[in-house]
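The structure appears right after this line, and notes come after that.
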Amino acid sequence: MKKHLTTIIEITETHVKFLEAALSRRKPVLLRSSVAKITEPSEQGISKLLTTMADPRMKKTYVVAVVPRRQVMVRYFSFPSHSEEEIKKMISLQVVQQVPYAREDIVFDYTILDKDSSGYAKVLAAIAHKEVISRYFKVFAKAGLTINSIVLSSIAVVNWLSSYEKKEKTSHGVSILNIDTSTSEICFCKKGRLLFSRHIGFGVKDLGADQEDAFVREVGMTLESYQKEKIGPLPQKIILLAPPEAIVGFSQKIQSELQLNAEFIDPYQYFIEAKEIAIPIISKGDYYSLVVPSGLAVKGGQKNFNLLPKVVSDQRKAKAKKSAWIKFLLLASLIILFGSGILLTKVQQEKNRFDNIKEKLAELKPRIEEIKRKKEHIEAIEKYLNVKPLSVDIIYELYNLTPKDASFRLIYVDPQDNVTLQGIAEKLSSVNGFQSRLVNSSLFTNVNLQYATQRKIFQGEITDFKITAEIVRP
């Protein structure tokens with residue numbers, strides 16, 4: 001069975017962790033793992049650290065970046081429909097109402113938790129600001145790594161628990177607290193599906209210290225919030241992921257003060273017992289959790305939140321398609337050249353048998369012809385690469401750039417490659433966003449908004465607009 005090499009990279013406040021695995025449908029095989037302590041927490045410092053950890057082999061794998069819960073907003077929705085297409089439209093409208101950012105400034109993904117008998121669907125969405133995602137691209141790019149997927153850490157924690165409890169087949173509600181070096185993350189799940197999660201600003205360093213009571217209170221406040229929202233069943237127990245020598249007192253306080261059964265698991269020991277990989281040795285006083293990277297190496301009960309911007313995904317698909325066509329044409333040219341060479345060689349051999357007088361000329365002629373053919377192929381390839389954009393390319397680009405709430409009344413291209421776009425949009429912000437995307441497009445230049453006029457229609461408003469631009473020609 002074919003296996004895909006995947007590198008999972010988690011950047012916390014204190015460490016950079018990576019795990020390489022060969023993923024297949026049956027069972028993942030963990031290959032390598034490395035952890036480095038962050039001494040310079042700036043973007044440049046983390047990039048340098050990641051560069052020292054990344055090798056040529058890692059750069060060829062499918063790279064998954066983990067975004068921590070503290071940098072992502074998680075929202076719960078209930079929609080009166082089971083249709084996935086309708087849910088997609090409704091959540092696109094509702095997500096903007098739940099965050100203090102404009103639609104164009106956020107990236108989000110969602111998963112359907114349940115569809116009940118009354119016709120409602122329960123949906124969980126993960127929302128991140130584009131600046132957060134952009135920082136990950138910058139840090140990874142400086143290290144020579146291309147991000148293929150950006151996943152929320154909470155999903156990894158629930159996946160890890162599902163993998164650990166396979167034998168028990170737990171079906172009731174469970175809460176799990178993954179305690180890392182300086183921060184923690186509490187997740188609520190049922191049957192391997194994330195229902196709710198929250199970042200807590202305490203970690204292993206606070207266990208047994210003055211901040212331990214505050215840590216317990218934060219856990220209690222999170223439980224109260226979860227119960228108030230009525231998202232899922234009350235957890236029957238809380239699973240604490242931390243080193244046993246540090247968790248005993250904390251576990252007792254959880255049970256006595258929160259009246260909740262507490263079970264603690266040493267994820268480091270469980271990781272060692274897997275016997276699939278040699279992991280870094282934890283030095284004394286420098287504990288870190290490997291739950292998140294190892295949790296993404298196993299298949300969970302729900303799809304991962306992928307916060308990779310759609311525009312990046314679309315650009316990569318278009319680039320891959322164009323690259324495939326170029327490779328095909330080059331290969332076809334080489335095949336034709338090779339076949340022509342064989343044919344000419346045979347003709348030359350026959351000619352040499354009957355005409356010894358022209359032997360020297362015959363030896364030079366194939367070389368000249370070959371140079372001419374290569375020149376012609378190179379010119380043909382250059383001509384293909386420098387081809388002017390076709391009408392279908394322009395229409396396809398406009399289709400990708402046009403907001404969903406906008407439509408055109410006029411699309412006109414004159415002989416001098418001047419473009420005139422006239423239409424209407426439901427919102428003025430859509431017109432401004434459309435103009436910005438035209439400015440950033442590689443097919444258009446000298447983009448100018450001639451006018452954007454709002455007018456009332458029925459009980460709402462629409463915006464008439466006119467935009468002019470020029471088509472970029474090579």
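The values are calculated or read from the model by the stated rules, or taken from the named source; none is laboratory data. Bear in mind that the values here come from a model prediction, so they are computed numbers and not experimental data. Reconstructed Cβ throughout: ideal geometry from the backbone, glycine too, with neighbour counts over all protein chains shown.
The set of residues in segment 13-51 being under 17 Å from ILE147 (Cα atoms) and hydroxyl-bearing (Ser, Thr, Tyr) consists of SER47, THR51. Of all residues being touching a residue at least 24 places away in the same chain (Cβ under 8 Å) and aromatic (Phe, Trp, Tyr) in segment 183-222, which is farthest from GLY249 (Cα to Cα)? Just the residue, please. Filtering first and then ranking leaves PHE196.
Yes or no, residue by residue, for (1) free of Cβ contacts under 8 Å to residues at least 12 places away in the same chain; (2) part of a strand (DSSP E or B):
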| position | (1), (2) |
| --- | --- |
| TYR399 | yes, no |
| GLY423 | no, yes |
| SER430 | no, no |
| PHE434 | no, no |
| VAL439 | yes, no |
| ASN446 | no, yes |
| LEU449 | no, yes |
| ASP464 | no, yes |
| ALA469 | no, yes |
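In segment 31-55, of all residues being under 20 Å from ILE8 (Cβ atoms) and small (Gly, Ala, Ser), the one that is surrounded by the fewest Cβ atoms within 10 Å (Cβ to Cβ) corresponds to ALA36. Listed by first and then second residue, the pairs linking a residue in segment 241-270 that is touching a residue at least 40 places away in the same chain (Cβ under 8 Å) and surrounded by 13 or more Cβ atoms within 10 Å (Cβ to Cβ) to a residue that is of a type in the set (D, E, K, R) and not in a helix (DSSP H, G or I), with Cβ atoms under 6 Å apart and 6 or more places separating them unless they lie on different chains, are PRO243/ASP266.
Restrict the check to segment 437-451 and report whether at least one residue is under 32 Å from the mean Cα position of the chain (by Cα) and of a type in the set (Gly, Ala, Ser). Yes, because at least one residue in segment 437-451 is under 32 Å from the mean Cα position of the chain (by Cα) and of a type in the set (Gly, Ala, Ser). Applying the criterion of being surrounded by fewer than 20 Cβ atoms within 10 Å (Cβ to Cβ) and under 36 Å from the mean Cα position of the chain (by Cα) to the residues of segment 207-217, the residue that is farthest from SER175 (Cα to Cα) is GLN211. The single condition from (1) of a type in the set (A, V, I, L, M, F, W, C); (2) over 21 Å from LEU93 (Cα atoms); (3) surrounded by 18 or more Cβ atoms within 10 Å (Cβ to Cβ) that VAL413 fails is (3).
Screening segment 187-206 for residues that are more than 25 Å from LYS299 (Cβ to Cβ) and surrounded by 19 or more Cβ atoms within 10 Å (Cβ to Cβ) and picking the one that is nearest to the chain's Cα centre (by Cα) gives ILE200.
Restricting SER118, SER184, SER134, SER163 to those that are in the same structural domain as LYS17 (by TED's automatic domain parsing), of a type outside the set (A, V, I, L, M) and buried (at least 20 other Cβ atoms within 10 Å of the Cβ) reduces the list to SER184. In the set (1) modelled with pLDDT of 75 or more; (2) closer than 30 Å to VAL107 by Cα; (3) not assigned by TED's automatic domain parsing to the domain that holds SER441, the condition left unmet by PHE408 is number (3).
Taking segment 159-180 as the range and being at pLDDT 90 or above and out of contact with any Asp or Glu (no Cβ under 6 Å at 6 or more places or on another chain) as the test, the residues that pass are SER175, ILE176, LEU177, ILE179, ASP180.
Within segment 442-474, the set of residues being at pLDDT 90 or above, hydroxyl-bearing (Ser, Thr, Tyr) and within 23 Å of ILE395 (Cβ to Cβ) comprises THR445, THR463, THR468. Of the helices (runs of 4 or more DSSP H) lying entirely inside segment 282-397, those containing at least 3 residues that are among the hydrophobic types (A, V, I, L, M, F, W, C) and at pLDDT below 75 span 310-354, 359-385. Would segment 36-55 turn up any residue that is farther than 30 Å from PHE434 by Cα, out of contact with any helix residue (DSSP H, G or I) (no Cβ under 9 Å at 6 or more places or on another chain), in a strand (DSSP E or B) and not β-branched (Val, Ile, Thr)? So far as segment 36-55 goes, no, none of its residues is farther than 30 Å from PHE434 by Cα, out of contact with any helix residue (DSSP H, G or I) (no Cβ under 9 Å at 6 or more places or on another chain), in a strand (DSSP E or B) and not β-branched (Val, Ile, Thr).
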